[in-house]
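Report on the structure given below.
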Amino acid sequence: QVQLVESGGGLVQDGDSLRLSCTASGRTFSSYTLSWFRQAPGTARQFLAGIDWFGTTNYVDSVKGRFTMTKENTKNSLTLKMNRLKPEDTAVYYCAARGGALISRVASDYEYWGQGTQVTVSS
C-alpha cells in the first residue's frame, strides 16, 4: 500500500511556471512505477509523464520539452516542473503509482492515486 499526496497547484498566467510535488507514505517509491496524469472537466484522465524503476522517463508529446518529472527515492517524493504553461494545461493534476516495472499510459493500470491538485492557467 502507498498513499500519495499532491501539492503545488494554483492559479498562474499564460507562460508562467509551476512545480507540483507528490509525496508518498507506506511502501517506498523505489517499488513502484510513477506517473503524472491530468483531467480537465468533461474529459478522460490523460497521461503526461512517467518514470520507471530505473529512472527512465516518458512524456506525452504535448508536454515534452515543457514539463520535467523527477523522483527522489530517499525522500519518497516526485516532482513535476511545468514551464511555459498554457490555458489548455488547466486541469486537476494527479500522481499515480503502479507495481509494474514499466510505464503505462493507461490510467486503469495504476493502483494508487493522490487526491489531485488544481492547476489553472489564465490567458
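Note on Ser30 and Val5: their simple-model spin labels are 2.4 nm apart, each label 7 Å out from Cα toward Cβ. When you restrict to C-alpha pairs under 8 Å that are six or more residues apart and normalise by the size of the chain, the relative contact order lands at 37 percent. Per-residue extension of 0.36 nm, minus the Cα-Cα distance of Asn83 and Gln118, leaves a gain of 11.0 nm for this segment. In this simple spin-label model, placing a label point 7 Å from the Cα along the Cα-to-Cβ direction at both Ser62 and Gln13 gives a separation of 2.5 nm. The chymotrypsin sites (Phe, Trp or Tyr not before Pro) of segment 31-116 that meet both conditions, a loop assignment by DSSP and at most 13 other Cβ atoms within 10 Å of the site Cβ, are Phe54. Using only side-chain charges placed at the Cβ, +1 for Lys and Arg and -1 for Asp and Glu, the dipole size of the chain relative to its Cα centre rounds to 160 debye. In the context of the full protein assembly, Asp109 retains an accessible surface of approximately 60 Å², using a probe radius of 1.4 Å and ignoring ligands and nucleic acids.
Here the chain is scanned for trypsin sites (Lys or Arg not before Pro) in DSSP loops (not H, G, I, E, B) that have at most 16 other Cβ atoms within 10 Å, and the longest stretch holding none of them is 28-65. Note on Glu72 and Gln39: their simple-model spin labels are 2.9 nm apart, each label 7 Å out from Cα toward Cβ.
Projecting the Cα atoms of Leu11, Ser21, Tyr32 onto the charge dipole of segment 1-74 (Cβ charges, centred on the Cα centre) puts Tyr32 farthest toward the positive pole.
The values are calculated or read from the model by the stated rules, or taken from the named source; none is laboratory data. Computed from a predicted model, the values in this text were never measured in an experiment. Reconstructed Cβ throughout: ideal geometry from the backbone, glycine too, with neighbour counts over all protein chains shown. Ligands, DNA and RNA are excluded from the accessible area calculation, which covers all protein heavy atoms including side chains. Shrake-Rupley method; radii C 1.70, N 1.55, O 1.52, S 1.80 Å.
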